[in-house]
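Notes follow once the structure below has been shown.
The values are calculated or read from the model by the stated rules, or taken from the named source; none is laboratory data. From a predicted model like this one, the values you see are computed outputs, not experimental measurements. In this analysis, Cβ positions are derived from the backbone assuming ideal geometry, glycine residues included, and neighbour counts consider all displayed protein chains.
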There are 2 protein chains.
Amino acid sequence: MIPPPEGPAPLDPAQTTLGDMDAESFRRHGHALVEWVARYLETVPGRPPLADVEPGALTAALPPGPPAGPEPMAAVLADLDRLVVPALTHWNHPRFFAYFNSTGSGPGILGEWLTAAFNVNAMLWRSAPAATELEGVATRWLGEMCGLPSGWDGHINDTASTSTLVALAAAREALGLEIRSRGLAGRPELPRLRVYASDQAHSSVEKAVITLGLGRAGFRPVASDAAFRMDPEALARAIAEDRRAGWRPMAVVATCGTTSTASVDPLPAIAEIAAAARCWWHVDAAYGGALAALPEHRGVLDGAERADSLVINPHKWLFVPVDCSVLFTARPELVRGAFSLVPEYLRTPPAPGQRNLMDYGPALGRRFRALKLWMVLRYFGTEGIAARLREHVRLAHWLAGALEARPGWELTAPVSMAVVCFRHRPAGVDDEAALAAHNQALMDRVNRSGAAFISHTVLRGRFSLRAAVGHIRTTEPDVARLVEALEAAAEAADAGPAAGR
Amino acid sequence: MIPPPEGPAPLDPAQTTLGDMDAESFRRHGHALVEWVARYLETVPGRPPLADVEPGALTAALPPGPPAGPEPMAAVLADLDRLVVPALTHWNHPRFFAYFNSTGSGPGILGEWLTAAFNVNAMLWRSAPAATELEGVATRWLGEMCGLPSGWDGHINDTASTSTLVALAAAREALGLEIRSRGLAGRPELPRLRVYASDQAHSSVEKAVITLGLGRAGFRPVASDAAFRMDPEALARAIAEDRRAGWRPMAVVATCGTTSTASVDPLPAIAEIAAAARCWWHVDAAYGGALAALPEHRGVLDGAERADSLVINPHKWLFVPVDCSVLFTARPELVRGAFSLVPEYLRTPPAPGQRNLMDYGPALGRRFRALKLWMVLRYFGTEGIAARLREHVRLAHWLAGALEARPGWELTAPVSMAVVCFRHRPAGVDDEAALAAHNQALMDRVNRSGAAFISHTVLRGRFSLRAAVGHIRTTEPDVARLVEALEAAAEAADAGPAAGR
């Protein structure tokens, strides 16, 4: 999109001597980049959301090693157009309906730009007072928007996987078994430890359990009901059974907005069971917590006020660029207890009102992530954010209605939040394997068409297509275009080899 | 620095309806921000590097909750000037000599700007082919620049803490004790597990050991010699002793560029011992690996070619903004073995040449971090980077020489790479506690003066001041200014209460 350089592009003076890019060059390249990005954001809806590129093509097009001498920025930007953009799957695209979409919104992008320029490392209050305090302010604002208890402590991790790892490390610490000091191995007196979550929970729960040394056996999936919500009775039975068998139940993870169907576990009942079992209770609201920003949906977190910890990802459905996952906890002293380890070279005099964010997780260093969250909350305001989420919920129901009104389409789960699970069922085809192959082919056709990008899941053995509305620029015509693409793919499939079976 | 808005600032149309900031507004705010950032980078050398702000002041100056309605971007930017900048400790400052400085260089900042705009999540090859492949390319370029074996596999984590956690998780997996499946707890047949690193190793090693469930007892610090390098004989003795006592040695971590003094452990001897003990051998070259980019210093990594894993942080001394930590490994299959867990909704058809980066660590989501690394390598070229590092090494020795030439100053460790450890010793003062208090006061005075920001460490019980040269715009006059500030602080201390003792 940037015109190719005419003749040899100039090098910035600092490239060939010492020092950084000079201010004049920074301005020039920066302004060019603003135009480039603005143009990218304007034109991205005209591109296929899913990259259509051969594996290894980008790698093969680049030199095997780095250049010895400096290259002009124009050459780098030219390669961006020529090589990088064609190999992008465009997440910042209004017809990206796969997984959970993530929006790099205008104010969020500008927030990241400032973060890169400041380049602070918020390990200690002292090393980054602005980042440390804004992380407190912005997470408190987020908590207030979503109706969380005002006393909770919030901090930002990269992803919900890390937030859940931190929460479960605190749960391990809360056992009082001297695990931080003595570890788990070679201690015959220790019971085996278990974490419970529904069979719909995110894979990061099991991954955190493995990382913490509990092993896959330390994770017990609990049955969910017909609407994919954890069955509290099954949870209570599992805990009782495990206790009898010598396990020590350590934590229960409930989900508000599961990855496959956005289902919501019955939080009050689970809270009760977790409390009775003296388990840490963690709520994974990475996706669904955002919905509580809508006054009419605040009840989605009812019961969560009893949680020990809860995660909401502003980089999922709150228009903040990746990465930004907020972990709230009612028991920050246990999070610090699990992770705080202060070497001499990082020791600072203790002072009230100063928290050192390095004490809150496995990583010492951390970016100034609060800035983008703070800027998004201010730029749109809570009502502006709520209005956008409300529209996404409406569009999801619109999509579900449009599919149900057409012959051959069926929903495979109740529509929850802004997630629609569905499949196409040609007349007379009942075999699950054939339906799976048919829908897989259909999905591939839609994705290859460039009209939209959707993903899949498997629900009770039924291969399902899945569309999540979540990009800030998604409009009704975008969803209509997805419906058209699905219909076209189904027609093509009916006319194709599958019809001949 | 941005002039205050005249009259009520306008809202962008999209703020009050739906959708994102419109393209016109994005251009306007983006260009203003380029000017703001350019001006920030130009003027930052005139600011004190360490924030002079009361704890809680920023928090108190902001509203307790988020705004309901949208706010004009001009109001946000005005608060940036009024509230955020005064509370910044300026890492992107040529006289930031504390910890390990980190440069947000021009090309690195521009790389981050693109990353924010693309906003891809590189969990699967399919979800981000460009990010996935560029992560392979840029880490291979980095490895080549630093002389690492060409067959190693590289991927990017946020910080070295995470890279080390990943490496040690792979080490745990390499034991073949079914820890991934069965965990560590409640298994009487399992031995206690231990990880070894020198008493100068970074605290993140011990933190990773805790996180993985080995406990603090699972970390054994090994004595270092007079130059703060791990003593290989002490390592061999510790391993032998532990074996006799029933421990299973799991991993050895050597450091190339320790945090306190930038000392380098004797890699070949440690490689030998780790191999004989059948331990995973991880090299923490987070800081020091960069030095190997200088042909005349390539030997600093001699022996590391035998490592199982090695970490280099481009966000430390390679002019890439935080966060960017590259973990190289000769055994990627064990990293994947430790972490791969693929739920149905993320299943993609296996294909050659496609790696899914979610398999390489605890976090599922990941930003497009390779772009900034790639842009920095191209913009400066390896020779340009080497020239800048060489200058930093020269400046560190210049600083050491300047101090040694002045009465009352002494080095407390050999100068290594670009790190200088020193202290001031007034005539007649020998008591360590008095010297510690004197140097602490001196450091505070320098830091409060606004001339420079330095930090401290304790070496064999001696409180030491510490300056690391690492910012791309640090010049000899910057270092000279530090020397002046140190001298002024020492004079003031001599004339002050301390002199009266």
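A:Gly303 falls short on exactly one of the conditions (1) more than 13 Å from every other protein chain (Cβ to nearest Cβ); (2) surrounded by 19 or more Cβ atoms within 10 Å (Cβ to Cβ); (3) in contact (Cβ under 8 Å) with a residue 40 or more places away in the chain, and that condition is (3).
Has the stretch A:467-476 got any residue that is assigned to a loop (DSSP other than H, G, I, E, B) and without any contact (Cβ under 8 Å) to a residue 60 or more places away in the chain? Checked the stretch A:467-476: no residue is assigned to a loop (DSSP other than H, G, I, E, B) and without any contact (Cβ under 8 Å) to a residue 60 or more places away in the chain.
Taking the criterion of being away from chain A (no Cβ under 13 Å), under 26 Å from A:Val120 (Cβ atoms) and of a type in the set (Val, Ile, Thr), would at least one residue in the stretch B:460-481 satisfy it? Yes - at least one qualifying residue is present in the stretch B:460-481. Kindly establish whether B:Met145 is within 18 Å of B:Pro314 (Cα to Cα), hydrophobic (A, V, I, L, M, F, W, C) and buried (at least 22 other Cβ atoms within 10 Å of the Cβ). Criteria met by B:Met145. A single entry from B:Pro48, B:Pro72, B:Pro13 fulfils the requirement of being surrounded by fewer than 17 Cβ atoms within 10 Å (Cβ to Cβ) and more than 8 Å from every other protein chain (Cβ to nearest Cβ): B:Pro13. Going by the conditions given, is A:Gly30 surrounded by fewer than 18 Cβ atoms within 10 Å (Cβ to Cβ) and either facing another protein chain (nearest Cβ under 8 Å) or modelled with pLDDT under 95 (or both)? So A:Gly30 fails the test.
Checked against (1) crowded, with 24+ Cβ neighbours inside 10 Å; (2) closer than 30 Å to A:Gly215 by Cβ, B:Arg336 passes all but a single condition, namely (1). Here the stretch A:115-153 is the region considered, the condition is being assigned to a loop (DSSP other than H, G, I, E, B) and of a type in the set (Ser, Thr, Tyr), and the residue that is farthest from the other protein chains (Cβ to nearest Cβ) is A:Ser150. Looking only at the stretch A:441-458, residues that are part of a helix (DSSP H, G or I) and under 24 Å from A:His471 (Cα atoms) come to 8 in all. Checking each residue in the stretch B:180-212 for being buried (at least 24 other Cβ atoms within 10 Å of the Cβ) and over 24 Å from the mean Cα position of the chain (by Cα) picks out B:Gly183, B:Leu184, B:Ala185, B:Leu193, B:Arg194.
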